[in-house]
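S.K.: Have a look at this one before I ask anything.
The values are calculated or read from the model by the stated rules, or taken from the named source; none is laboratory data. In this text, all values refer to a predicted model and were calculated from it rather than measured experimentally. Here Cβ is always computed from backbone atoms with ideal geometry, including for glycine, and neighbour counts include all displayed protein chains.
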Amino acid sequence: SYPVEVVDTTGAGDAFNGALAAGLASGLNLADAARRGTAAGALAVTRKLVVPALPDAGQISKLMKNRTACV
């Protein structure tokens, strides 16, 4: 997971699953797709409301590049 300030957890699982599926569909292996899913879930909880909180691919990549995930 990524250390973030949690605002609303609604949609975190949806963000994770969407990014995981998109990663697998684009050819990523399961581990890398799961990392993208984890980043998407982390970003989703930093905002209110489900749809506006869902991150896009650029936001996910930026978080993964600029922060280290914790286990």
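S.K.: Collect the residues in the range 40-60 that are assigned to a helix (DSSP H, G or I) and farther than 13 Å from Tyr2 by Cα, keeping them in residue-number order. Before the answer, list the steps.
M.R.: Step one: list which residues in the range 40-60 are assigned to a helix (DSSP H, G or I), which gives 40-44, 50-53, 57-60.
Correct list: Val50, Val51, Pro52, Ala53, Ala57, Gly58, Gln59.
S.K.: Looking at this structure, is Gly58 at pLDDT below 95 and not aliphatic (A, V, I, L, M)?
M.R.: Working: at pLDDT below 95: yes; not aliphatic (A, V, I, L, M): yes.
Taking the combined requirement at face value, the residue satisfies it.
One line per residue, one yes/no per condition, for (1) touching a residue at least 12 places away in the same chain (Cβ under 8 Å); (2) of a type in the set (Val, Ile, Thr); (3) exposed (fewer than 14 other Cβ atoms within 10 Å of the Cβ):
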position	(1), (2), (3)
Ser1	yes, no, yes
Phe16	yes, no, no
Ala19	yes, no, no
Ala25	no, no, yes
Asn29	no, no, yes
Ala42	yes, no, no
Leu49	yes, no, yes
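S.K.: On the given criteria, is Ala21 at negative phi and modelled with pLDDT of 95 or more?
M.R.: Numbers: at negative phi: yes; modelled with pLDDT of 95 or more: yes.
In short, yes.
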